[in-house]
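Report on one structure; see the data block that follows.
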Number of protein chains: 2
Amino acid sequence: MVSVEPKPVNVGFVLFPGFQALDAFGPLDALNILSTKTKINLSILAATLDPVSTRLPADQQNPFGSNCAQSVVPTHTFANAPDLDVLFIPGGVGRREPDTVDQVSKLLVGLYPSLQSVITICTGAAIAAIAGILDGKKATTNKKSWSLVTPLGPKTHWVANARWVHDGKVWTGAGVSAGIDVTLAWIEEVWGEDMATDVTTVMEYNRAKDPSQDPFAPVYSITDVINGEVQPS
Amino acid sequence: MVSVEPKPVNVGFVLFPGFQALDAFGPLDALNILSTKTKINLSILAATLDPVSTRLPADQQNPFGSNCAQSVVPTHTFANAPDLDVLFIPGGVGRREPDTVDQVSKLLVGLYPSLQSVITICTGAAIAAIAGILDGKKATTNKKSWSLVTPLGPKTHWVANARWVHDGKVWTGAGVSAGIDVTLAWIEEVWGEDMATDVTTVMEYNRAKDPSQDPFAPVYSITDVINGEVQPS
(Lines give C-alpha, C1' and ligand atoms only; values in the text may rest on other atoms or scores of the structure.)
Protein backbone atom coordinates (compact mmCIF):
# COMPACT_ATOMS: atom_id res chain seq x y z
CA MET A 1 0.00 0.00 0.00
CA VAL A 2 1.49 3.29 -1.08
CA SER A 3 -0.25 6.18 0.58
CA VAL A 4 2.30 8.89 1.27
CA GLU A 5 1.47 11.96 -0.79
CA PRO A 6 2.97 14.21 -1.85
CA LYS A 7 6.17 12.23 -2.29
CA PRO A 8 9.16 13.81 -0.56
CA VAL A 9 11.75 15.31 -2.87
CA ASN A 10 13.99 17.53 -0.77
CA VAL A 11 16.12 15.51 1.59
CA GLY A 12 18.57 16.99 4.08
CA PHE A 13 21.41 15.04 5.63
CA VAL A 14 23.14 16.45 8.70
CA LEU A 15 26.89 16.04 9.13
CA PHE A 16 29.05 17.06 12.08
CA PRO A 17 32.69 16.40 13.02
CA GLY A 18 32.98 12.85 14.31
CA PHE A 19 29.98 11.44 12.44
CA GLN A 20 30.02 7.68 11.91
CA ALA A 21 30.85 7.04 8.25
CA LEU A 22 28.39 4.23 7.61
CA ASP A 23 25.59 5.94 9.55
CA ALA A 24 25.70 8.45 6.74
CA PHE A 25 26.74 6.46 3.69
CA GLY A 26 24.41 3.51 4.12
CA PRO A 27 21.34 5.76 3.82
CA LEU A 28 23.11 8.02 1.32
CA ASP A 29 23.85 5.10 -1.00
CA ALA A 30 20.18 4.13 -0.85
CA LEU A 31 19.23 7.74 -1.62
CA ASN A 32 21.68 7.88 -4.53
CA ILE A 33 20.08 4.79 -6.06
CA LEU A 34 16.57 6.07 -5.29
CA SER A 35 17.45 9.32 -7.05
CA THR A 36 17.90 7.39 -10.32
CA LYS A 37 14.32 6.10 -9.99
CA THR A 38 12.47 9.18 -8.70
CA LYS A 39 13.27 12.83 -8.10
CA ILE A 40 15.45 13.39 -5.03
CA ASN A 41 17.36 16.56 -4.21
CA LEU A 42 19.92 16.07 -1.49
CA SER A 43 21.33 18.81 0.71
CA ILE A 44 24.25 17.98 2.98
CA LEU A 45 24.02 20.28 5.97
CA ALA A 46 26.83 21.23 8.34
CA ALA A 47 27.90 24.10 10.56
CA THR A 48 30.08 25.54 7.78
CA LEU A 49 30.86 24.62 4.18
CA ASP A 50 34.25 23.19 5.18
CA PRO A 51 34.68 19.43 4.67
CA VAL A 52 33.41 17.49 7.68
CA SER A 53 35.63 14.73 9.06
CA THR A 54 34.55 11.43 10.57
CA ARG A 55 37.15 12.19 13.22
CA LEU A 56 36.98 14.76 15.97
CA PRO A 57 40.01 17.03 16.24
CA ALA A 58 40.54 15.69 19.77
CA ASP A 59 40.58 12.13 18.42
CA GLN A 60 43.44 12.68 16.03
CA GLN A 61 45.77 10.72 18.27
CA ASN A 62 44.26 7.43 19.27
CA PRO A 63 45.98 4.85 21.49
CA PHE A 64 47.50 3.13 18.48
CA GLY A 65 48.58 6.29 16.64
CA SER A 66 46.23 5.49 13.77
CA ASN A 67 45.45 8.04 11.12
CA CYS A 68 42.18 6.91 9.57
CA ALA A 69 39.34 9.27 8.66
CA GLN A 70 37.33 10.64 5.76
CA SER A 71 36.05 14.15 5.04
CA VAL A 72 32.87 14.97 3.17
CA VAL A 73 31.92 18.27 1.55
CA PRO A 74 28.64 19.90 2.71
CA THR A 75 26.34 21.68 0.29
CA HIS A 76 24.58 23.98 2.79
CA THR A 77 25.17 25.39 6.24
CA PHE A 78 22.67 24.84 9.04
CA ALA A 79 21.95 28.58 8.89
CA ASN A 80 21.20 28.34 5.19
CA ALA A 81 19.15 25.13 5.05
CA PRO A 82 16.71 24.95 2.14
CA ASP A 83 13.11 23.83 2.50
CA LEU A 84 13.19 20.15 3.32
CA ASP A 85 10.72 17.29 3.33
CA VAL A 86 12.92 14.84 5.19
CA LEU A 87 15.89 15.22 7.52
CA PHE A 88 18.41 12.48 8.30
CA ILE A 89 20.62 12.70 11.42
CA PRO A 90 23.50 10.25 11.82
CA GLY A 91 25.34 9.39 15.02
CA GLY A 92 28.96 8.97 15.90
CA VAL A 93 31.36 10.05 18.62
CA GLY A 94 30.81 13.67 17.62
CA ARG A 95 27.15 13.65 18.62
CA ARG A 96 28.24 14.49 22.19
CA GLU A 97 30.10 17.71 21.28
CA PRO A 98 28.26 20.67 22.84
CA ASP A 99 28.38 22.79 19.66
CA THR A 100 26.98 19.93 17.59
CA VAL A 101 24.23 19.16 20.10
CA ASP A 102 23.28 22.83 20.20
CA GLN A 103 23.37 23.42 16.44
CA VAL A 104 21.69 20.22 15.29
CA SER A 105 18.96 20.23 17.95
CA LYS A 106 18.12 23.85 17.09
CA LEU A 107 18.03 22.96 13.39
CA LEU A 108 15.74 20.04 14.11
CA VAL A 109 13.38 22.01 16.35
CA GLY A 110 13.13 24.73 13.72
CA LEU A 111 12.51 22.39 10.78
CA TYR A 112 10.39 19.78 12.56
CA PRO A 113 6.92 21.28 12.08
CA SER A 114 7.34 21.41 8.28
CA LEU A 115 9.11 18.06 7.84
CA GLN A 116 7.28 14.98 6.58
CA SER A 117 9.81 12.70 8.24
CA VAL A 118 12.84 12.72 10.49
CA ILE A 119 15.16 9.72 10.27
CA THR A 120 17.85 9.23 12.88
CA ILE A 121 20.55 6.60 12.66
CA CYS A 122 22.47 5.17 15.58
CA THR A 123 23.25 7.77 18.26
CA GLY A 124 21.70 10.45 16.07
CA ALA A 125 18.64 9.63 18.21
CA ALA A 126 20.45 11.31 21.13
CA ILE A 127 20.18 14.67 19.40
CA ALA A 128 16.54 14.07 18.52
CA ALA A 129 15.90 13.19 22.16
CA ILE A 130 17.60 16.36 23.40
CA ALA A 131 15.54 18.36 20.87
CA GLY A 132 12.41 16.89 22.49
CA ILE A 133 10.98 15.31 19.37
CA LEU A 134 11.10 11.81 20.85
CA ASP A 135 8.93 12.82 23.82
CA GLY A 136 5.91 10.53 24.03
CA LYS A 137 7.25 8.36 21.22
CA LYS A 138 8.77 4.94 20.79
CA ALA A 139 12.32 5.00 19.49
CA THR A 140 15.54 3.05 19.31
CA THR A 141 19.25 3.83 19.02
CA ASN A 142 22.73 2.31 18.93
CA LYS A 143 22.84 -0.76 21.15
CA LYS A 144 26.39 -0.30 22.41
CA SER A 145 25.55 3.26 23.55
CA TRP A 146 22.14 2.29 24.98
CA SER A 147 22.84 3.33 28.58
CA LEU A 148 24.31 6.66 27.46
CA VAL A 149 21.58 7.67 25.01
CA THR A 150 18.34 6.46 26.61
CA PRO A 151 18.59 8.82 29.64
CA LEU A 152 18.56 11.73 27.19
CA GLY A 153 14.95 10.86 26.29
CA PRO A 154 13.22 10.50 29.67
CA LYS A 155 9.76 10.74 28.09
CA THR A 156 10.48 8.11 25.45
CA HIS A 157 9.81 4.39 25.24
CA TRP A 158 13.17 3.07 24.06
CA VAL A 159 12.70 -0.28 22.32
CA ALA A 160 15.67 -2.61 22.79
CA ASN A 161 14.74 -5.37 20.35
CA ALA A 162 14.40 -3.11 17.35
CA ARG A 163 16.36 -2.78 14.14
CA TRP A 164 14.35 0.40 13.72
CA VAL A 165 11.22 2.07 15.12
CA HIS A 166 8.65 4.09 13.17
CA ASP A 167 6.38 6.31 15.26
CA GLY A 168 4.46 9.04 13.50
CA LYS A 169 6.82 11.08 11.41
CA VAL A 170 9.87 9.95 13.33
CA TRP A 171 11.96 6.95 12.27
CA THR A 172 14.85 5.86 14.48
CA GLY A 173 17.40 3.27 13.39
CA ALA A 174 19.59 1.13 15.62
CA GLY A 175 23.37 1.27 15.29
CA VAL A 176 25.38 2.05 12.18
CA SER A 177 24.34 -0.56 9.55
CA ALA A 178 20.73 -0.39 10.73
CA GLY A 179 20.61 3.00 9.04
CA ILE A 180 20.32 1.09 5.77
CA ASP A 181 17.36 -0.90 7.04
CA VAL A 182 15.47 2.10 8.41
CA THR A 183 16.06 3.96 5.15
CA LEU A 184 14.77 1.02 3.09
CA ALA A 185 11.73 0.76 5.39
CA TRP A 186 11.03 4.46 4.83
CA ILE A 187 11.42 4.02 1.06
CA GLU A 188 8.95 1.13 1.21
CA GLU A 189 6.46 3.24 3.19
CA VAL A 190 6.67 6.12 0.72
CA TRP A 191 7.23 4.48 -2.68
CA GLY A 192 6.09 0.91 -2.04
CA GLU A 193 7.64 -2.51 -1.69
CA ASP A 194 8.83 -2.83 -5.31
CA MET A 195 10.88 0.34 -5.06
CA ALA A 196 12.42 -0.77 -1.77
CA THR A 197 13.25 -4.15 -3.29
CA ASP A 198 14.78 -2.50 -6.36
CA VAL A 199 17.06 -0.33 -4.23
CA THR A 200 17.95 -3.26 -1.95
CA THR A 201 18.84 -5.47 -4.90
CA VAL A 202 21.09 -2.85 -6.49
CA MET A 203 22.82 -2.52 -3.11
CA GLU A 204 23.07 -6.34 -2.83
CA TYR A 205 22.05 -5.80 0.77
CA ASN A 206 20.74 -8.54 3.05
CA ARG A 207 17.91 -6.40 4.30
CA ALA A 208 16.22 -6.81 7.68
CA LYS A 209 12.51 -6.62 6.90
CA ASP A 210 11.19 -7.22 10.42
CA PRO A 211 11.95 -4.22 12.64
CA SER A 212 11.75 -6.39 15.77
CA GLN A 213 14.41 -8.78 14.44
CA ASP A 214 17.56 -7.40 16.05
CA PRO A 215 20.51 -9.62 16.90
CA PHE A 216 22.40 -6.91 18.77
CA ALA A 217 20.14 -6.21 21.76
CA PRO A 218 21.06 -9.63 23.24
CA VAL A 219 24.75 -9.04 22.50
CA TYR A 220 24.69 -5.96 24.71
CA SER A 221 22.15 -7.41 27.21
CA ILE A 222 19.89 -4.39 27.00
CA THR A 223 16.18 -4.04 27.74
CA ASP A 224 13.50 -1.47 27.01
CA VAL A 225 13.65 1.82 28.88
CA ILE A 226 10.25 3.45 29.41
CA ASN A 227 10.15 7.03 30.61
CA GLY A 228 13.50 6.61 32.29
CA GLU A 229 12.78 3.21 33.85
CA VAL A 230 14.91 0.30 32.76
CA GLN A 231 12.62 -2.67 32.22
CA PRO A 232 13.45 -6.17 33.43
CA SER A 233 14.71 -8.61 30.84
CA MET B 1 44.24 -19.10 13.31
CA VAL B 2 46.03 -15.78 12.94
CA SER B 3 49.05 -16.15 10.75
CA VAL B 4 49.44 -12.97 8.73
CA GLU B 5 52.67 -11.21 9.71
CA PRO B 6 53.64 -8.48 9.62
CA LYS B 7 50.23 -6.95 10.16
CA PRO B 8 49.28 -4.41 7.51
CA VAL B 9 49.25 -0.79 8.67
CA ASN B 10 49.21 1.38 5.56
CA VAL B 11 45.92 1.12 3.71
CA GLY B 12 45.11 2.91 0.48
CA PHE B 13 41.59 3.49 -0.76
CA VAL B 14 41.07 4.51 -4.40
CA LEU B 15 38.37 7.02 -5.28
CA PHE B 16 37.31 8.20 -8.73
CA PRO B 17 34.40 10.30 -10.01
CA GLY B 18 31.26 8.17 -10.01
CA PHE B 19 32.37 5.77 -7.26
CA GLN B 20 29.55 3.96 -5.48
CA ALA B 21 29.18 5.54 -2.02
CA LEU B 22 28.65 2.35 -0.03
CA ASP B 23 31.36 0.44 -1.92
CA ALA B 24 33.70 2.88 -0.24
CA PHE B 25 32.07 3.66 3.08
CA GLY B 26 31.16 0.14 4.14
CA PRO B 27 34.83 -0.91 4.14
CA LEU B 28 35.92 2.54 5.36
CA ASP B 29 33.62 2.35 8.39
CA ALA B 30 35.13 -1.05 9.23
CA LEU B 31 38.62 0.43 8.84
CA ASN B 32 37.71 3.41 11.04
CA ILE B 33 36.59 1.05 13.81
CA LEU B 34 39.61 -1.23 13.28
CA SER B 35 41.86 1.83 13.61
CA THR B 36 40.68 2.28 17.22
CA LYS B 37 41.83 -1.28 17.98
CA THR B 38 45.12 -1.50 16.05
CA LYS B 39 47.32 0.87 14.07
CA ILE B 40 45.87 1.76 10.67
CA ASN B 41 46.98 4.65 8.47
CA LEU B 42 44.54 5.39 5.69
CA SER B 43 45.40 7.18 2.46
CA ILE B 44 42.57 8.19 0.15
CA LEU B 45 43.96 8.20 -3.37
CA ALA B 46 42.53 10.04 -6.36
CA ALA B 47 43.69 11.63 -9.60
CA THR B 48 43.93 15.05 -7.94
CA LEU B 49 43.37 16.42 -4.44
CA ASP B 50 40.00 17.90 -5.44
CA PRO B 51 36.94 16.38 -3.72
CA VAL B 52 35.72 13.32 -5.59
CA SER B 53 31.99 13.05 -6.30
CA THR B 54 29.85 9.92 -6.34
CA ARG B 55 28.36 11.40 -9.50
CA LEU B 56 29.96 11.68 -12.90
CA PRO B 57 29.80 15.15 -14.47
CA ALA B 58 27.82 13.59 -17.34
CA ASP B 59 25.31 12.18 -14.86
CA GLN B 60 24.37 15.50 -13.35
CA GLN B 61 21.07 15.46 -15.15
CA ASN B 62 19.29 12.18 -14.62
CA PRO B 63 15.86 11.35 -16.07
CA PHE B 64 14.11 12.66 -12.95
CA GLY B 65 16.20 15.81 -12.56
CA SER B 66 17.54 14.57 -9.25
CA ASN B 67 20.45 16.29 -7.56
CA CYS B 68 21.87 13.72 -5.18
CA ALA B 69 25.57 13.11 -4.65
CA GLN B 70 28.38 13.32 -2.12
CA SER B 71 31.98 14.48 -2.46
CA VAL B 72 34.90 13.12 -0.47
CA VAL B 73 38.31 14.73 0.02
CA PRO B 74 41.38 12.69 -1.03
CA THR B 75 44.59 12.74 0.97
CA HIS B 76 47.00 11.74 -1.83
CA THR B 77 47.12 11.74 -5.60
CA PHE B 78 47.74 8.54 -7.55
CA ALA B 79 51.09 10.04 -8.59
CA ASN B 80 52.01 10.65 -4.96
CA ALA B 81 50.83 7.39 -3.35
CA PRO B 82 52.72 6.46 -0.18
CA ASP B 83 54.03 2.95 0.49
CA LEU B 84 51.00 0.74 1.02
CA ASP B 85 50.34 -2.71 2.43
CA VAL B 86 46.76 -2.97 1.19
CA LEU B 87 44.82 -1.30 -1.61
CA PHE B 88 41.02 -1.11 -1.81
CA ILE B 89 39.29 -0.40 -5.14
CA PRO B 90 35.54 0.37 -5.16
CA GLY B 91 33.21 0.20 -8.12
CA GLY B 92 30.48 2.46 -9.41
CA VAL B 93 29.37 3.92 -12.72
CA GLY B 94 32.66 5.79 -12.95
CA ARG B 95 34.73 2.63 -13.23
CA ARG B 96 34.06 2.67 -17.00
CA GLU B 97 35.56 6.13 -17.62
CA PRO B 98 38.70 5.78 -19.77
CA ASP B 99 40.79 8.11 -17.60
CA THR B 100 39.85 6.22 -14.46
CA VAL B 101 40.50 2.82 -16.03
CA ASP B 102 43.89 4.02 -17.24
CA GLN B 103 44.93 5.73 -14.00
CA VAL B 104 43.73 3.12 -11.53
CA SER B 105 44.94 0.09 -13.49
CA LYS B 106 48.40 1.70 -13.83
CA LEU B 107 48.41 2.45 -10.09
CA LEU B 108 47.46 -1.13 -9.33
CA VAL B 109 50.04 -2.66 -11.67
CA GLY B 110 52.72 -0.46 -10.15
CA LEU B 111 51.84 -1.18 -6.53
CA TYR B 112 50.84 -4.83 -6.87
CA PRO B 113 54.22 -6.52 -6.34
CA SER B 114 54.72 -4.81 -2.98
CA LEU B 115 51.12 -5.08 -1.70
CA GLN B 116 50.11 -7.70 0.86
CA SER B 117 46.50 -7.57 -0.32
CA VAL B 118 44.26 -6.01 -2.93
CA ILE B 119 40.57 -5.79 -2.09
CA THR B 120 38.07 -4.88 -4.79
CA ILE B 121 34.44 -4.16 -4.15
CA CYS B 122 31.64 -4.46 -6.67
CA THR B 123 32.69 -3.41 -10.18
CA GLY B 124 36.08 -2.40 -8.81
CA ALA B 125 36.96 -5.93 -9.97
CA ALA B 126 36.64 -4.67 -13.55
CA ILE B 127 39.67 -2.45 -13.10
CA ALA B 128 41.62 -5.26 -11.43
CA ALA B 129 40.71 -7.51 -14.38
CA ILE B 130 41.87 -4.93 -16.90
CA ALA B 131 45.11 -4.54 -14.92
CA GLY B 132 45.63 -8.29 -15.36
CA ILE B 133 45.85 -9.16 -11.68
CA LEU B 134 42.84 -11.47 -11.86
CA ASP B 135 44.43 -13.63 -14.57
CA GLY B 136 44.50 -17.24 -13.42
CA LYS B 137 42.50 -16.40 -10.31
CA LYS B 138 39.01 -16.94 -8.98
CA ALA B 139 37.09 -13.72 -8.42
CA THR B 140 33.64 -12.22 -8.13
CA THR B 141 32.02 -8.86 -8.80
CA ASN B 142 28.71 -6.99 -8.78
CA LYS B 143 25.90 -9.32 -9.79
CA LYS B 144 23.84 -6.79 -11.73
CA SER B 145 26.90 -5.92 -13.86
CA TRP B 146 27.99 -9.56 -14.25
CA SER B 147 27.74 -9.71 -18.04
CA LEU B 148 29.58 -6.41 -18.43
CA VAL B 149 32.46 -7.11 -16.06
CA THR B 150 33.26 -10.79 -16.54
CA PRO B 151 34.39 -10.41 -20.21
CA LEU B 152 37.07 -7.99 -18.95
CA GLY B 153 38.77 -10.93 -17.21
CA PRO B 154 38.98 -13.62 -19.90
CA LYS B 155 41.58 -15.61 -17.92
CA THR B 156 39.58 -15.54 -14.69
CA HIS B 157 37.16 -17.98 -13.08
CA TRP B 158 34.29 -15.69 -12.11
CA VAL B 159 32.31 -17.25 -9.27
CA ALA B 160 28.61 -16.39 -9.40
CA ASN B 161 27.49 -17.74 -6.02
CA ALA B 162 29.96 -15.73 -3.99
CA ARG B 163 29.58 -12.93 -1.50
CA TRP B 164 33.32 -12.60 -1.86
CA VAL B 165 36.28 -14.61 -3.20
CA HIS B 166 39.76 -14.81 -1.66
CA ASP B 167 42.50 -16.09 -3.95
CA GLY B 168 46.09 -15.49 -2.96
CA LYS B 169 46.56 -11.84 -2.16
CA VAL B 170 43.47 -10.77 -4.06
CA TRP B 171 40.07 -10.42 -2.40
CA THR B 172 37.06 -9.56 -4.56
CA GLY B 173 33.70 -8.61 -3.09
CA ALA B 174 30.31 -8.86 -4.78
CA GLY B 175 28.12 -5.77 -5.19
CA VAL B 176 28.04 -2.72 -2.94
CA SER B 177 27.14 -4.01 0.56
CA ALA B 178 29.29 -7.10 0.04
CA GLY B 179 32.26 -4.78 0.45
CA ILE B 180 31.55 -4.88 4.17
CA ASP B 181 31.63 -8.68 4.21
CA VAL B 182 34.85 -8.99 2.24
CA THR B 183 36.48 -6.40 4.49
CA LEU B 184 35.38 -8.25 7.62
CA ALA B 185 36.65 -11.53 6.14
CA TRP B 186 40.02 -9.89 5.47
CA ILE B 187 40.10 -8.49 9.03
CA GLU B 188 39.39 -12.00 10.33
CA GLU B 189 42.19 -13.47 8.20
CA VAL B 190 44.70 -10.90 9.44
CA TRP B 191 43.69 -10.17 13.04
CA GLY B 192 41.53 -13.17 13.91
CA GLU B 193 37.89 -13.94 14.52
CA ASP B 194 37.54 -11.94 17.74
CA MET B 195 38.68 -8.75 16.04
CA ALA B 196 36.29 -9.31 13.14
CA THR B 197 33.45 -9.96 15.57
CA ASP B 198 34.30 -6.83 17.56
CA VAL B 199 34.20 -4.65 14.45
CA THR B 200 31.00 -6.34 13.20
CA THR B 201 29.29 -5.81 16.54
CA VAL B 202 30.18 -2.12 16.70
CA MET B 203 28.78 -1.80 13.17
CA GLU B 204 25.66 -3.76 14.18
CA TYR B 205 26.07 -5.51 10.86
CA ASN B 206 24.38 -8.78 9.95
CA ARG B 207 27.52 -10.23 8.56
CA ALA B 208 27.67 -12.94 5.89
CA LYS B 209 30.25 -15.41 7.18
CA ASP B 210 29.97 -17.97 4.38
CA PRO B 211 31.44 -16.55 1.17
CA SER B 212 29.34 -18.96 -0.94
CA GLN B 213 26.09 -17.76 0.66
CA ASP B 214 24.94 -15.15 -1.86
CA PRO B 215 21.27 -14.37 -2.41
CA PHE B 216 21.86 -12.12 -5.40
CA ALA B 217 23.29 -14.54 -7.98
CA PRO B 218 19.82 -16.19 -8.32
CA VAL B 219 18.12 -12.77 -8.48
CA TYR B 220 20.14 -11.92 -11.57
CA SER B 221 20.16 -15.54 -12.93
CA ILE B 222 23.92 -15.58 -13.41
CA THR B 223 26.34 -18.50 -13.54
CA ASP B 224 30.09 -18.93 -13.31
CA VAL B 225 32.20 -17.69 -16.20
CA ILE B 226 35.47 -19.61 -16.66
CA ASN B 227 38.07 -18.17 -19.00
CA GLY B 228 35.37 -16.42 -20.98
CA GLU B 229 32.94 -19.35 -21.13
CA VAL B 230 29.57 -18.89 -19.48
CA GLN B 231 28.81 -22.07 -17.53
CA PRO B 232 25.39 -23.76 -17.57
CA SER B 233 23.21 -23.17 -14.53
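The values are calculated or read from the model by the stated rules, or taken from the named source; none is laboratory data. This one's a predicted model, so the numbers in the text were calculated from it and none came from an experiment. Heads up, the Cβs are rebuilt from the backbone with ideal geometry, glycines too, and the neighbour counts pull from every protein chain shown. What goes into the accessible areas is simple: the full protein's heavy atoms, side chains included, and nothing from ligands, DNA or RNA. Shrake-Rupley method; radii C 1.70, N 1.55, O 1.52, S 1.80 Å.
Please list B:107-120, A:208-221 highest first by mean number of surrounding beta-carbon atoms within 10 Å per residue.
The most tightly packed comes first, giving B:107-120, A:208-221.
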Output row B,A: buried area (accessible, probe 1.4 Å, summed both chains) in Å², nearest hundred, equals 4200 Å²
Here D for the protein assembly as shown, in µm²/s, from Stokes-Einstein with a Kirkwood Rh over Cα pairs at 37 °C and 0.692 mPa s, works out to 148 µm²/s
Each residue of B:12-25 has, on average, a number of other protein chain C-beta atoms within 10 Å of its C-beta equal to 4
The set of residues whose placed amide H lies less than 5 Å from the amide H of B:K138, leaving out same-chain residues fewer than 5 positions away, is B:H157
For B:I44, other-chain or 5+-apart residues with amide H closer than 5 Å (H placed, Pro excluded) are B:F13, B:T75, B:H76
Normalised Cα Rg of the stretch A:139-178, dividing by 2.2 N^0.38 Å with N its residue count, works out at 1.05
With every protein chain in place, the accessible area of A:D83 for a 1.4 Å probe, in Å² rounded to the nearest 10, comes to 140 Å²
Taking the label point 7 Å from Cα along the Cα-Cβ vector, the copy-to-copy distances for A:L148, listed from shortest in nm with one decimal, are 4.1
When the charge dipole of the stretch B:24-100 is computed with +1 at the Cβ of Lys and Arg and -1 at the Cβ of Asp and Glu, the Cα pointing farthest to the positive end, of B:P82, B:C68, B:S53, is that of B:C68
Losing no less than 10 Å² of accessible area (probe 1.4 Å) relative to the isolated chain, the residues of the stretch A:158-177 are A:R163, A:G175, A:V176, A:S177
Inter-part gap, Cα centre of the stretch B:155-233 to Cα centre of the stretch A:1-46, in whole angstrom, is 27 Å
Counting every C-alpha pair in the stretch B:89-233, the percent lying more than 19 Å apart is 48 percent
Computed for the protein assembly as shown: size of charge dipole around the Cα centre, +1 on C-beta of each Lys and Arg, -1 on C-beta of each Asp and Glu, debye to nearest 20, value 120 debye
Each residue of B:33-44 has, on average, a number of other protein chain C-beta atoms within 10 Å of its C-beta equal to 5
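Treating only the Cβ of Lys, Arg, Asp and Glu as charged (+1, +1, -1, -1), what charge dipole size does the stretch A:32-118 show about its Cα centre? Round to the nearest 20 debye. Display every interim value, and only then the final one.
Details: 6 positive and 7 negative charges, 52 e Å.
With Lys and Arg at +1 and Asp and Glu at -1, about 260 debye.
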Placing +1 on each Lys and Arg Cβ and -1 on each Asp and Glu Cβ in the stretch A:78-233, then taking the dipole about the Cα centre, the residue among A:A208, A:G192, A:L107 whose Cα reaches farthest towards the positive end is A:L107
Mean-square fluctuation maximum in Gaussian network of chain A, Cα pairs under 10 Å, restricted to A:A178, A:A69, A:A196, hits A:A69
Sequence order, the stretch A:83-100: Karplus ³J(HN,Hα) from phi using 6.51 cos²θ - 1.76 cosθ + 1.60, θ = phi - 60°, Hz rounded, Gly and Pro as x, gives 4, 10, 9, 9, 10, 9, 10, x, x, x, 4, x, 5, 8, 5, x, 4, 5
Here the correct list, in nm and shortest first, of distances from B:E5 to the same site in the other copies, label points 7 Å along Cα→Cβ, is 6.9
Those residues in the stretch B:58-104 that give up at least 40 Å² of accessible surface, probe 1.4 Å, once the partner protein chains are present instead of the chain by itself are B:F64, B:S66, B:N67, B:C68, B:Q70, B:S71, B:V73
For the stretch A:155-233, the accessible surface attributable to carbon and sulfur atoms (probe 1.4 angstrom, ligands and nucleic acids excluded) amounts in percent to 48 percent
On the formula 1/(1 + (r/R0)^6), with r taken between the Cβ atoms of B:N62 and A:D194 and R0 of 22 Å, the FRET efficiency rounded to 0.05 is 0.70
Among residues of chain B, the one whose beta-carbon sits nearest the axis that rotates B onto A, given with its distance in integer Å, is B:F25, 2
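Treating the beta-carbon of each Lys and Arg as +1 and of each Asp and Glu as -1, no other charges, what is the dipole magnitude of chain B about its Cα centre, to the nearest 20 debye?
280 debye
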Between A:D167 and residues 5 or more places away or on another chain, the pairs with built amide H atoms under 5 Å apart involve A:T172
With a Förster distance of 30 angstrom and the Cβ-Cβ distance between A:E5 and A:D102, calculated FRET efficiency to the nearest 0.05 equals 0.30
Dividing the helical contributions, -39500 (n - 2.57) per DSSP H run of n ≥ 4, by the residues of the protein assembly as shown yields a 222 nm value, nearest 500 deg cm²/dmol, of -8500 deg cm²/dmol
Sorted shortest first, the nm distances from the A:P215 label point (7 Å along Cα→Cβ) to its counterparts in the other copies are 1.3
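When DSSP assigns beta bridges and you keep just the ones with both residues in the stretch B:1-154, what percent turn out antiparallel, to the nearest 5?
Of the beta bridges lying entirely in the stretch B:1-154, close to 10 percent run antiparallel.
So for the stretch B:1-54, considering every pair of alpha-carbon atoms, how many percent are separated by more than 16 Å?
51 percent
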With the 1.4 Å probe rolled over protein heavy atoms, chain B has an accessible area per residue in Å² of 37 Å²
